[in-house]
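What follows is calculated from the coordinates using simple rules that are stated; it is not laboratory data. Nothing here was measured: the structure is a model prediction, and the numbers come from that model. Every residue, glycine among them, receives a Cβ derived from its backbone with ideal geometry; neighbour counts consider all protein chains shown.
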Amino acid sequence: MKKNLYLTFSLNNYLYGIDTVYVEEIFNLPELTIIPELPHGIIGFVNLREKILPVLDLNLKLGYLSPDYRLTDSIVVLKYEELRLGILVNQIHEIREISLEEIATELNDQRELVVDEQRNIINGVAHFPDEILILSHPNNWFYVDETEQIVSLQNYLQQDILDNSHLDEGQTHDSEFLLLQKSIFCPNATLEERKVFKQRADNLRLSAKTQDFKNFKTLAVITLNDHLFGVDLEMVREFTDIYHVTPIPCCPSHIVGNMNLRGEILTLIDLCGLLLNVPSKGVIVGSKAMVIEVEGIVAGVIVEEIYDVMFSLNLQKVTAIPTTINSINAQFCQGAAPYQEKIMSILDIPKIFLKGGLIVDEAV
């Protein structure tokens, strides 16, 4: 039974899933450029490394009211055919494996699709402990004339960038791209929030030519005992819900037990005692596991919450663990870095797995 990977996210109290084949990157919501007469659902554009990216609010496209945008919102960049599109989401969740057989094409009465756009966008629902509305191929989301209008505006704004590419950094100009902005993005935001939105937009605008992408690493961001931790995504095989766990006799407290993951026996470990020197909360309702593979060792790490699954970290922003965070065992961290106006610690996964006493090699 073939399973596809779906990035799951929440928007306006609904849970959605999109095939990861379309997902290119994820970043925090920046200030958007608002121009008149946008196609239905498009709320603005952002200059992403000198490429104009249209941003869609699915709430509007699906016929719902759109709430005020927040600093905690994110943009998921989708790439399909020749068009790149950003969609606004409230919170990123984990990546889930879902087979086509697990997706029902008919929704229940509470999820009746009454708007044509809803029928085009929502492909079905996957019934898990929670319901995931599965989104269709992004090409189905717009009518032909809407797509043509988006591409036309995109090309127009892109040309404006090219026309002013000769200017030095910080030099001002009478850009049509700037003059077109008729409305203030997120008018209900505070002055401090607007500064953050603008700073994010300025950072995204940096040319790809001026950035050394060897200095960027993609992380998963999780929480343990209310602390944020970043994990190198290259070592994360998947995220999964925790179901029935079988305890293992005569094991240290950090070895929680085994669970069956699609026929593979997965050992679950709890890092709280190692990283934070706090008692383990064990497996509680809603607990999830991050499946890690390091040098042939595979284990599931219990996590409380998955904040982000594709966070792009500039390694130049990694600093030493602040002395004020004395509750974290710094020897198992590579440093600290900003994440959504907070500080997260970057886990040294190889050191934790190979030198953290997680491997038990004793005969019973």
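Points to keep in mind about this one:
- Based on every Cα atom in the stretch 1-160, Rg and the maximum pairwise Cα distance Dmax equal 15.5, 49 Å.
- The gain in end-to-end length when the Ser10 to Glu50 segment is fully stretched comes to 11.5 nm, 0.36 nm per residue minus the alpha carbon separation.
- Förster radius 30 Å - calculated FRET efficiency between Val144 and Glu97 (Cβ-Cβ, nearest 0.05): 0.35
- 3J(HN,Hα) couplings calculated from phi for the stretch 243-248 with the Karplus curve 6.51 cos²θ - 1.76 cosθ + 1.60 (θ = phi - 60°) are, in sequence order, 10, 6, 10, 9, x, 10 Hz; Gly and Pro show x.
- For Glu305, the amide hydrogen comes within under 5 Å of the amide hydrogens of Thr223, counting only partners 5 or more places away or on other chains and with H modelled in the peptide plane.
- Ordering of 52-62, 130-140 by packing [mean C-beta count within 10 Å, highest first]: 52-62, 130-140
- With a simple spin-label model that places each label point 7 Å from the Cα along the Cα-to-Cβ direction, the separation between His40 and Ala320 comes to 5.8 nm.
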